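Okay, structure first, notes after.
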């Protein structure tokens, strides 16, 4: 069996690669946009596929980034109440949050999966990418978030609420 | 109000209240709605995915974030500060004026109040408190107050979000924000002058005027950015989204080639930071898309419009009521949430009362920004408290006069719509 520390280092490595991927997508989106502008205004020869590629990358950046890169304090959170209660209550709050997210995303997963796979029959307008591939990032997002908050429930029960922020850094 | 909608709101408030990230709270609340109403649970994913995949203007959000982060990194901020000190540092309350002018200029590039306060604001507070000339509380308070100008002067992410929910032109919204932004700057400087005179704050030794051209030349390319942006949009050269890309490209070229202040490594860090902000904002936008779908299918905005118009509220009374509400909400919610979730509720009423949507949008954005410094829960107060360790009590004690003049400025904009609408009309807005 691998030790916890070894697992942690594997996760850290994977997290860094996920960030590489996200940065690559953002850079690609930016360059595609510049290409679109140059082709349209400088070369007077607009390219059709650039816009669609940007929109696809944007969807991927949002969900891939939310799944693997966004840290808890990056989230927009309303934490006045949370910060004003004691550590014991915080633990309860944080567990309710994590359980709600896990239950909600699990419950909606089958229907969401059907929705995404249904799109295998449809392709995007110009690049002809199958739309189930485009939308599959939502499934990746859902699985990653379920896993992350499931681990957090265990951590919260064992260690209690973290000190300062509403939630501990990701497992 | 139907049972499913009541439960949806209950879930939303309870979850958000106990500290669940707002995006997840909305997502879960929408699932509660769909489950109780017996609808397909996949609708949540469908609304977010389709909404993000189809709205071209949202692409401006990550691009503006990249532009802002590039501008805030590197030495561009220092050059701008040197220019501001040379230009307005000589007057009474000198560094306070520098603070406001720096925010005015910076707002032309960052479009984010929190970024302004954390970046240039921190440097400014250090300068103001160095010789004990200004109390830490005063320095922090004027920094927080002047950071609110950021998202009012274009480019502005909150205005892009408002354009999304209200179907108005980003270009005219941006133009509408220009004069109000300057008005905010002027009232803050007036208050700073008054307080400095009353407290007898010592004068700075002025930077010799012959150095001013030199400082202007180094700062000039950065000063040009808002002009390029506005020319791109209003000259009809580019769409606002493309202008956002141009802004980011310009910032990149400026930082990397002209100022030579950008390494490959720091560029990677900037992009990684931008991914995190874009993804977090994107998720809230996605949540707002579902919530707006639910609110629309419950027909809430139209019912509200009917009720308010039935009461024969005058447009001015309506504007004042809404603004009081927004100011109060601004103390507890952040601007993104207010603009995406609360504002759409009022838009049908605005249309029925004949209130111009550009006018309404600019005032709503200004008001949300003022809400950011309204005690007890103004987010900017917390940001400055976190980056400088100046106590909240000290900041809050000094922020009241600035808050007061900003609220006066909002009132002035409400009663004199021309402050907002004059510039868009010059550029052909027909409203």
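Just so you know, all these numbers are worked out from the coordinates, no wet-lab data involved. What you see is a predicted model; the values in this text were computed from it and never measured. Cβ sites come from the backbone with ideal geometry, for glycine too, and all protein chains shown count toward neighbours.
Structural remarks
- A Stokes-Einstein calculation at 25 °C with viscosity 0.890 mPa s, built on the Kirkwood radius of segment A:44-113 over Cα pairs, returns a diffusion coefficient of 156 µm²/s.
- Burial order of peptide ranges B:388-396, A:11-19 (average beta-carbon count within 10 Å, highest first): B:388-396, A:11-19
- Calculated diffusion of segment B:215-341, Stokes-Einstein form, Kirkwood radius summed over Cα pairs, 10 °C and 1.306 mPa s, µm²/s: 84 µm²/s
- Reducing segment A:88-147 and segment B:305-346 to their Cα centroids gives an inter-centroid distance of 33 Å.
- The mean sequence separation of alpha-carbon pairs under 8 Å and at least six residues apart, normalised by the residue count of chain B, gives a relative contact order of 24 percent.
- Neighbouring Cβ atoms from other chains, within 10 Å of the Cβ of residues in B:264-275, number 4 on average.
- Pair-distance profile P(r), taking every C-alpha pair of segment B:351-401, with 5 angstrom steps and integer %: 5, 19, 21, 16, 11, 9, 9, 6, 3, 1
- Mean sequence separation of contacting Cα pairs (under 8 Å, at least six apart), scaled by the length of chain A, corresponds to a relative contact order of 26 percent.
- Dividing the summed helix terms, -39500 (n - 2.57) for each DSSP H run of n ≥ 4, by the number of residues in chain B produces a 222 nm estimate of -24500 deg cm²/dmol to the nearest 500.
- Whole-percent pair-distance distribution, where bins are 5 Å wide, for the alpha carbons of segment B:382-431: 5, 17, 14, 13, 12, 10, 11, 10, 7, 2
- Measuring nothing but how far apart in sequence close Cα pairs (under 8 Å, 6+ apart) lie, relative to its length, segment A:21-103 scores a relative contact order of 26 percent.
- Mean projection of the Cα convex hull over all viewing directions, computed for segment A:34-80: 4.8 nm².
- Ranked by how many other beta carbons lie within 10 Å on average, peptides B:153-165, B:135-147, B:183-195, B:1-13 from highest: B:135-147, B:153-165, B:183-195, B:1-13
- Label positions at residue A:120 and residue A:159, each projected 7 Å from the Cα along the C-beta direction, are separated by 4.1 nm.
- Projected label points at residue B:40 and residue B:314, each 7 Å from Cα along the beta carbon direction, are separated by 5.0 nanometres.
- Sequence of B:368, A:69 once ranked by neighbouring C-beta atoms within 10 Å, starting from the fewest: A:69, B:368
- The ranking of A:66, B:277 from fewest to most other beta carbons within 10 Å of each one's beta carbon is B:277, A:66.
- Principal-axis tilt of helix B:157-166 within chain B, Cα atoms, nearest 10 degrees: 30 degrees
- Every Cα-Cα pair in the protein assembly as shown was counted, and those over 39 Å apart are 29% of them.
- FRET E, pair residue A:35, residue B:198, Förster distance 60 Å, beta-carbon r, rounded to 0.05: 0.60
- Cα-based shape type of segment B:1-60, given that a ≥ b ≥ c are square roots of the gyration tensor eigenvalues and the cut on a/c is 1.5: oblate
- Relative to the current alpha-carbon distance between residue B:408 and residue B:14, full extension at 0.36 nm per residue lengthens the span by 138.4 nm.
- Normalised radius of gyration (Cα atoms, divided by 2.2 N^0.38 Å) for chain B: 0.99.
- Taking one quarter of the surface of the convex hull spanned by the alpha-carbon atoms of segment B:336-379 gives a direction-averaged projected area of 3.2 nm².
- In terms of other Cβ atoms within 10 Å, A:151, B:152 run from fewest to most in the order A:151, B:152.
- Using R0 = 51 Å, the C-beta based FRET efficiency linking residue B:389 and residue A:143 works out to 0.80.
- Cα-derived Rg over Rh, computed across segment A:12-131 with Rh taken as Kirkwood radius: 1.12
- Calculated FRET efficiency for the pair residue B:416/residue B:1, C-beta based, R₀ 35 Å, to 0.05: 0.40
- Per-peptide packing, taken as the mean over residues of other Cβ atoms within 10 Å, places B:15-26, A:81-92, B:282-293, B:38-49 in the sequence B:15-26, B:282-293, B:38-49, A:81-92 from highest down.
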